[in-house]
1. When the stretch 104-128 is examined, which residues are found to be open to solvent by less than 90 Å² (accessible area, probe 1.4 Å), part of a loop (DSSP other than H, G, I, E, B) and either closer than 25 Å to F49 by Cα or at pLDDT 85 or above (or both)?
2. Can you name every residue in the stretch 54-103 that is among the hydroxyl-bearing types (S, T, Y), assigned to a loop (DSSP other than H, G, I, E, B) and at pLDDT 60 or above?
3. What are the pairs, 6+ residues apart or on separate chains, where a residue within the stretch 37-65 that is touching a residue at least 40 places away in the same chain (Cβ under 8 Å) and under 20 Å from V123 (Cα atoms) has its Cβ under 6 Å from a residue that is of a type outside the set (A, V, I, L, M, F, W, C) and open to solvent by 60 Å² or more (accessible area, probe 1.4 Å)?
4. Name the single residue that is modelled with the lowest pLDDT among those in the stretch 24-52 being buried (at least 17 other Cβ atoms within 10 Å of the Cβ) and touching a Gly at 6+ places or on another chain (Cβ under 8 Å).
Amino acid sequence: SGKTQQVNLVRSIGQSVQGQVTGMEAITNLAVAFVDVGSATAISNSLDFGTILKPCFDAVRLDKDGLFQTALLEPGSYTLVAEVYVRDQFKPPEYADDEPQYGGILWLNPPKLAYVGSAKVTVTTNAAPPVQIELHPWVEPAKTP
């Protein structure tokens with residue numbers, strides 16, 4: 001008692017899914033990009049992007065090349081959801097005084113969802129074929145009054 005220990009839980013059965021998210025090469029203001037593995041019915045309309053997948057079976061952070069590989073997934077049907085967040089071109093505010101300003105650029109320029117994509121995949125006991133997810137610009141849904 002009173003001691004901590006790190007434990008990594010890893011599935012010992014299943015197959016990983018690998019692939020690439022296309023369209024990232026043109027993004028110059030990338031903040032973060034990732035692929036989440038959700039249920040087969042995770043994305044039913046455009047409002048579902050930008051929300052936490054429940055359940056989320058895996059989450060993988062992407063590099064600029066867009067390549068990914070998930071953890072082992074049990075056989076079944078899944079939806080892979082790619083979301084890319086960017087930062088606007090930032091211009092620091094101009095202040096009339098010479099006092100230092102605090103808060104940082106990140107606080108003034110948070111990342112925002114800009115590109116999304118999804119693909120359905122079925123995992124069996126055999127290796128899944130590579131998956132390609134094509135990005136498209138995310139349009140924030142109109143707010144109803």
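The values are calculated or read from the model by the stated rules, or taken from the named source; none is laboratory data. Since this is a predicted model, take the numbers as computed values, not measurements. Quick reminder, even Gly has a Cβ in these numbers, built from the backbone with ideal geometry, and neighbours come from all protein chains shown. What goes into the accessible areas is simple: the full protein's heavy atoms, side chains included, and nothing from ligands, DNA or RNA. Shrake-Rupley method; radii C 1.70, N 1.55, O 1.52, S 1.80 Å.
1. N109, P110, P111, T124, A128
2. The one that is among the hydroxyl-bearing types (S, T, Y), assigned to a loop (DSSP other than H, G, I, E, B) and at pLDDT 60 or above: T70.
3. Every condition considered, the pairs that remain are A40/S77.
4. M24
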